[in-house]
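A.B. asks: Below you will find the structure I want to go over with you.
The values are calculated or read from the model by the stated rules, or taken from the named source; none is laboratory data. Remember, it's a predicted structure, so these values are computed and weren't measured experimentally. Using ideal geometry, Cβ is built from the backbone for each residue, glycine included, and neighbour counts are taken over all protein chains shown.
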Amino acid sequence: MDDIVQAALKKWPNVPHCYGWLALDARGDWYMRDDRIQQAGPFPQVKGSRIDHDKLLAFIGRNYASDDRGAWFFQNGPQRVYVELESTPWIWRLQPDGSVLSHTGRAAQVDSCWLDETGHLYLATDLGLGLVHTQDMTLAAEAIDARRWTPQDCIAAKLPSTHGFRRRPRPETTKPA
């Protein structure tokens with residue numbers, strides 16, 4: 001996490017969390033979802049404004065993490081902005097040299113490979129579970145053919161529970177005493 005973000009957290013420790021305003025699609029693109037977009041429909045049916053600014057994308061990537069509930073967020077200074085996920089917390093970009101990078105540019109080590117009922121390929125890594133980017137399926141097929149990865153069957157709807165992440169984070173509700 002950036003030093004400036006750490007300092008902001010110390011200066012303003014009780015800033016309320018933000019929900020619904022940031023989303024990650026299945027191609028690794030970030031979307032801003034203001035009130036108007038949220039009212040127009042749920043993500044990913046209504047995506048919002050794609051973030052294209054390189055420095056903002058890098059800032060989000062450096063400050064992207066998960067909480068103990070498996071909800072992913074971007075720590076924007078003192079405010080935690082929870083992320084709605086179309087698929088998984090990570091979107092993997094495969095490199096010609098066999099390495100794996102996340103949509104945020106972080107290197108990952110593959111632990112296992114999963115194939116769902118619709119043919120989507122996922123990699124469980126030291127960073128967590130992620131979907132292989134559609135543009136990288138040729139490289140994925142080469143890794144499977146070379147027996148570097150052996151896909152195991154999975155059901156897409158069960159991935160959040162089996163791999164410990166939330167697609168739609170919501171505030172915790174407290175029960176009345």
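A.B. asks: If you take the residues in the stretch 32-58 that are touching a strand residue (DSSP E or B) at 6+ places or on another chain (Cβ under 6 Å) and polar (S, T, N, Q), which one is surrounded by the fewest Cβ atoms within 10 Å (Cβ to Cβ)?
C.D. replies: In this case the residue turns out to be S49.
A.B. asks: Can you tell me which residues in the stretch 128-160 are part of a helix (DSSP H, G or I) and over 13 Å from S87 (Cα atoms)?
C.D. replies: Q135, D136, M137, T138, L139, A140, A141, E142, A143, I144, D145
A.B. asks: Any residue in the stretch 10-29 that's within 21 Å of W90 (Cβ to Cβ) and in a loop (DSSP other than H, G, I, E, B): show its pairings with residues that are at pLDDT 95 or above and of a type in the set (G, A, S) at Cβ separation under 6 Å, as long as the two are six or more apart or on different chains.
C.D. replies: A26/S87
A.B. asks: Quick check on this structure: which one of L115, L131, L127, L123 is more than 22 Å from A65 (Cβ to Cβ) and surrounded by 14 or more Cβ atoms within 10 Å (Cβ to Cβ)?
C.D. replies: Residue meeting the stated conditions: L115.
A.B. asks: Among the residues of the stretch 151-177, count how many are touching a strand residue (DSSP E or B) at 6+ places or on another chain (Cβ under 9 Å), more than 23 Å from C18 (Cβ to Cβ) and surrounded by 10 or more Cβ atoms within 10 Å (Cβ to Cβ).
C.D. replies: Residues in the stretch 151-177 being touching a strand residue (DSSP E or B) at 6+ places or on another chain (Cβ under 9 Å), more than 23 Å from C18 (Cβ to Cβ) and surrounded by 10 or more Cβ atoms within 10 Å (Cβ to Cβ): 7 in total.
A.B. asks: Another one. Out of curiosity, is S66 modelled with pLDDT of 95 or more, in contact with a helix residue (DSSP H, G or I) (Cβ under 8 Å, 6 or more places away or on another chain) and either assigned by TED's automatic domain parsing to the domain that holds A143 or among the polar types (S, T, N, Q) (or both)?
C.D. replies: Here the answer is no, as S66 does not meet what is asked.
A.B. asks: Identify the residue in the stretch 55-103 that is in a loop (DSSP other than H, G, I, E, B) and under 9 Å from the mean Cα position of the chain (by Cα) and, among all such residues, is farthest from P160 (Cα to Cα).
C.D. replies: Ranking the qualifying residues of the stretch 55-103, first place goes to H103.
A.B. asks: Could you tell me which numbered condition R148 fails, if it satisfies all but one of (1) touching a Leu at 6+ places or on another chain (Cβ under 9 Å); (2) loosely packed, with under 14 Cβ neighbours inside 10 Å?
C.D. replies: (1)
A.B. asks: Turning to a different aspect of this structure: Pairs only if they're at least six apart or on different chains, beta carbon under 7 angstrom, first in the stretch 138-150 and over 15 Å from Y122 (Cα atoms), second hydroxyl-bearing (S, T, Y) and surrounded by 12 or more Cβ atoms within 10 Å (Cβ to Cβ); list them, first residue then second.
C.D. replies: From residues that are over 15 Å from Y122 (Cα atoms), there are no pairs.
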